[in-house]
Amino acid sequence: MHISIADVTSAFPDYRVAVVIAEGLSIAPERPLALDALIAGREQAARARWGGTELGQIPGLAAWRAAYKGFGIKQTRYRSSVERLVKNVLARRALARVNAFVDLYNAVSLAYVLPLGADDLDRIVPPLAFRFARAGDSFLDMADSEAGEPPEAPKAGEVVYADADHVLCRRWNWRQDVRSLITPATNRAVVTLQANGAGDVAEAATDLIDLIETFCEGECRLAVLDQARPEADL
């Protein structure tokens with residue numbers, strides 16, 4: 001599995017990505033009780049740490065707001081995935097219940113204030129890249145698909161996460177393509193943990209791997225990419 005961030009590191013020199021490949025997964029449709037308790041604890045910890053703080057003053061969120069402006073996204077309705085998680089938890093809304101794998105990586109995202117995303121390895125076509133959008137890129141928005149809306153192609157200059165066939169995530173880490181979602185049937189997954197000047201992706205990846213091995217029985221391998229090492233094979 002080859003992955004590259006070389007296309008964006010000149011414009012965003014602080015960009016770092018930890019990439020985790022997890023195989024041999026057993027994903028429960030519902031959270032195990034121990035995972036549910038862990039997530040509740042992380043929600044409580046986030047409220048204790050960030051309660052009363054403006055979202056724009058939280059370092060991990062401020063860094064992504066600046067990065068989004070860096071490629072022309074100024075509308076407030078487009079925010080990083082981690083900002084939505086933190087905002088909901090601070091508003092006393094619990095993290096969504098999807099399945100054990102998605103729920104545990106959202107718990108890592110919340111704890112480290114980093115955007116995380118995952119795709120089913122058997123539903124993508126390598127190589128993978130964080131790059132600027134290109135003519136002909138296709139994307140099926142999760143929300144648009146549910147609403148029956150026609151697909152909207154990424155805008156020129158937008159940072160996207162893509163495989164060889166289509167865009168996996170628009171606006172860097174805003175919303176995922178519906179075609180490679182993690183489900184209880186997923187046996188292999190690729191997870192990305194992203195930072196843009198704030199946050200420790202390597203530490204967060206260690207936590208993620210421990211949770212995957214504990215709750216989904218997977219075996220994992222890891223690479224960390226940055227401007228000095230913009231490509232890797234896992």
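The values are calculated or read from the model by the stated rules, or taken from the named source; none is laboratory data. Source: prediction; values computed, not measured. When we count neighbours, we look across all protein chains shown, and the Cβ atoms used for this are built from the backbone with ideal geometry, even at glycine. Keep in mind that these areas ignore ligands, DNA and RNA; they rest on the heavy atoms of the full protein, side chains included. Shrake-Rupley method; radii C 1.70, N 1.55, O 1.52, S 1.80 Å.
A few remarks follow.
- If the segment from ALA66 to GLU213 were pulled out straight at 0.36 nm per residue, it would be longer than the present Cα-Cα gap by 49.5 nm.
- Here the extension length gained between ASP165 and GLU231 equals 21.9 nm, from 0.36 nm per residue of separation less the Cα-Cα distance.
- Longest exposed-site-free window of the chain, the sites being GluC sites (Glu not before Pro) in a DSSP loop that have at most 14 other C-beta atoms within 10 Å: 55-151
- Within the chain, antiparallel bridges make up roughly 95 percent of the DSSP beta bridges whose residues both belong there.
- The sum of -39500 (n - 2.57) across all DSSP H runs of n ≥ 4, divided by the residue count of the chain, sets its helix-only mean residue ellipticity at 222 nm to -10000 deg cm²/dmol.
- Inter-probe distance in nm under a simple model that places probes 7 Å from Cα toward Cβ, at ARG84 and LEU140: 1.8
- Here the chain exposes an accessible surface that is 48 percent carbon and sulfur, computed with a 1.4 Å probe and the other protein chains kept in place.
- For ALA156 and VAL178, the FRET efficiency from 1/(1 + (r/R0)^6), where r spans their Cβ atoms and R0 equals 25 Å, is about 0.65.
- Spin-label pair GLU203/GLU54, simplified geometry with 7 Å Cα→Cβ offset, distance in nm: 2.6
- Residue-by-residue Karplus 3J(HN,Hα) for region 35-47, coefficients 6.51, -1.76, 1.60, Hz, glycine and proline x: 5, 4, 5, 4, 5, 4, x, 6, 4, 5, 5, 5, 5
- Average accessible surface area per residue within the chain, 1.4 Å rolling probe, Å²: 44
- In a fully extended conformation the segment linking ALA34 and ALA6 would gain 6.1 nm over its present Cα-Cα distance, using 0.36 nm per residue.
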